[in-house]
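In what follows, a structure is listed as structure tokens, so that the remarks can point back to it.
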Amino acid sequence: MIRFDGVTKRYPDGTVAVDDLTLEIPSGQITVFVGPSGCGKTTSLRMINRMIEPTAGTISIDGEDIRKKDASDLRRGIGYVIQHAGLFPHRTIIDNIATVPYLLGWDKKKARATALELMERVGLDTKMAKRYPFQLSGGQQQRVGVARALAADPPVMLMDEPFSAVDPIVRNSLQDEFLRLQSEVRKTIAFVTHDIDEAVKLGHRIAVFQVGGVLAQHATPDELLTNPAEGFVTEFLGGEKGLKRLRFNRELDATEEPAQPEIEDDVEAAER
Amino acid sequence: MSVLAADGEPLIRWNWIGDHSDELTTLTLHHLKLALLPILFGLIVAIPLGIMCVRWRWLYPPTLGVANVFYGIPSLALFMLFIPYFGIGSGGQADFTIILPLTLFSLSVLVPNVVDGLRSVPEPVRQAATAMGFGTLRRLVQVELPIAVPVIIAGARVAAVASISLVSVGVLIGNGGLGQLFIDGYSRDFTTPIIVSCVLIIVLALFSDGVLVTAQRLLTPWARTRRSNG
């Protein structure tokens, strides 16, 4: 579980990016941070792996304050996926995926075997192992990005608009496969998007942020759609019309595909 | 060969080339040494300097300014500046009278290329590296510098060709590699050595450029198609 406790980020010029955020991200589930640009969702995400340090408050992972660990050590235990994948152009696909295992000093053979396994897992042909990122399509690169984040099997993953740079059809299939994969690996995921449809589709829980870094509502998708907070949240969801559409889509999703795996609270205990 | 100069002397005496092949080889190799060691030394200086200029932005304008001032000094003047320290003539310590000024010249091309190369690393790549747990030094060595290699080599190519042509000026202080043949030919009103040295210098430039291009292809197979795609 990741816990934000009274976290504030204020920049030297006085801008408040995140304002007194208190929030829990349950283990083994996807928590989506959604909101318009400038709402502090990405800043909040980047504070979890200390890419940005908060001005006030504490963040803890499984009860341990993240400041207690060396930043690089902390980051090697947290998967990270970003919008344009951010793959290393000078490394082959297999070596991109094996990045964190290499950093952790794994044996090269083991690291590569793991990387190959992950390629299959995220739906990439292992024939691509020796290619370079520029030889792959945007969607394929994004899969490599996900595989790279999973390589050292970190319990926590941070995903910053990972699917927003690809076209809608590819995005849809990436989202579906991501849900399937998550049902197997059950990572604790913080997922940032500006797309409310994506939030409703992927999130077990949704945190709606409002400009100025204020958490407007934190709820399950169903709660959010049946009982949105007045004002900003309702407006962000597109008013009555938008809500109708989102509820309709959600019902469609529920009938078309198996529902998202329900995660019991004791999953973590069971895994240990 | 039937091309004749005005006085009936042929423009090129082919047998002269055969007769002097040993001397030509020595001069060519020496020319190469005088021209390319400065590029090597230049890289050794420019890479750390460029890294510092990227890390501390304020350092870049004055550094570039100084490098450009060196480049603005006529090469002969700069050579003469070093004569008191390394002497005059060819070979041994005196070679540094040529090599060090050319090293300084190369910096005005190499430093900006190192800086541009490091700045060409896409921001998402830098961020991803940090987020995966690369420390600053490891990120520099394993991610940023390798990605900067194509731009750095592009700079080395320009610097190498300029250096190869500038070495000839050194003949005025008695150490100009193939430029020596210039003076020989000119003083004896004999065109063959002049033409031969010109051709050899051009061949050297093309050859060095080819070696660097090949090195770049081998070192950075990942950059090949990406560049042509834009």
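The values are calculated or read from the model by the stated rules, or taken from the named source; none is laboratory data. None of these values were measured; they are calculated from a predicted model. So basically every Cβ, Gly included, is an ideal-geometry build from the backbone, and we count neighbours across all protein chains shown.
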(request) Give the residue, chosen from A:62, A:19, that is more than 14 Å from residue A:207 (Cβ to Cβ) and acidic (Asp, Glu). (result) A:62
(request) Could you list all residues from segment B:85-119 that are surrounded by fewer than 16 Cβ atoms within 10 Å (Cβ to Cβ) and either outside any helix (DSSP H, G or I) or among the aliphatic types (A, V, I, L, M) (or both)? (result) B:88, B:89, B:91
(message) Suppose we filter segment A:12-59 for residues that are closer than 24 Å to residue A:83 by Cα and in a loop (DSSP other than H, G, I, E, B); how many remain?
(response) 16
(message) Return the residues of segment A:164-192 that are assigned to a loop (DSSP other than H, G, I, E, B) and within 10 Å of the chain's Cα centre (by Cα); say none if nothing qualifies.
(response) A:187
(message) Please list, ordered by residue number, the helices (runs of 4 or more DSSP H) wholly in segment B:136-230 having 1 or more residues that are under 30 Å from residue B:78 (Cα atoms), touching a residue at least 24 places away in the same chain (Cβ under 8 Å) and within 14 Å of chain A (Cβ to nearest Cβ).
(response) B:145-167
(request) Assess whether residue A:114 counts as being β-branched (Val, Ile, Thr) and free of Cβ contacts under 8 Å to residues at least 40 places away in the same chain. (result) yes
(request) Taking only segment A:70-104 into account, find how many residues are in a helix (DSSP H, G or I), aliphatic (A, V, I, L, M) and at the interface with another protein chain (Cβ under 9 Å from one of its Cβ atoms). (result) 4
(request) Go through (1) farther than 30 Å from residue A:196 by Cβ; (2) surrounded by fewer than 21 Cβ atoms within 10 Å (Cβ to Cβ) and name the single condition residue A:36 misses. (result) (1)
(request) Confirm whether residue A:6 is more than 17 Å from the chain's Cα centre (by Cα) and on the phi > 0 side of the Ramachandran plot. (result) yes
(message) Pull out all pairs, ordered by first then second residue, where Cβ-Cβ is under 6 Å, the residues are six or more apart or on different chains, the first lies in segment A:203-229 and is at positive phi, and the second is among the hydrophobic types (A, V, I, L, M, F, W, C) and crowded, with 18+ Cβ neighbours inside 10 Å.
(response) A:213/A:17; A:213/A:18
(request) Mind telling me which of the residues B:176, B:155 ends up being modelled with pLDDT under 95 and either of a type outside the set (Ser, Thr, Tyr) or crowded, with 20+ Cβ neighbours inside 10 Å (or both)? (result) B:176
(request) Among residues belonging to segment B:120-135 that are surrounded by fewer than 23 Cβ atoms within 10 Å (Cβ to Cβ) and touching a strand residue (DSSP E or B) at 6+ places or on another chain (Cβ under 8 Å), point out the one that is farthest from the other protein chains (Cβ to nearest Cβ). (result) B:127
(message) Could you check segment A:31-69 and list, in sequence order, the residues that are among the hydroxyl-bearing types (Ser, Thr, Tyr), under 26 Å from residue A:224 (Cβ atoms) and more than 14 Å from every other protein chain (Cβ to nearest Cβ)?
(response) A:31, A:37, A:44, A:60
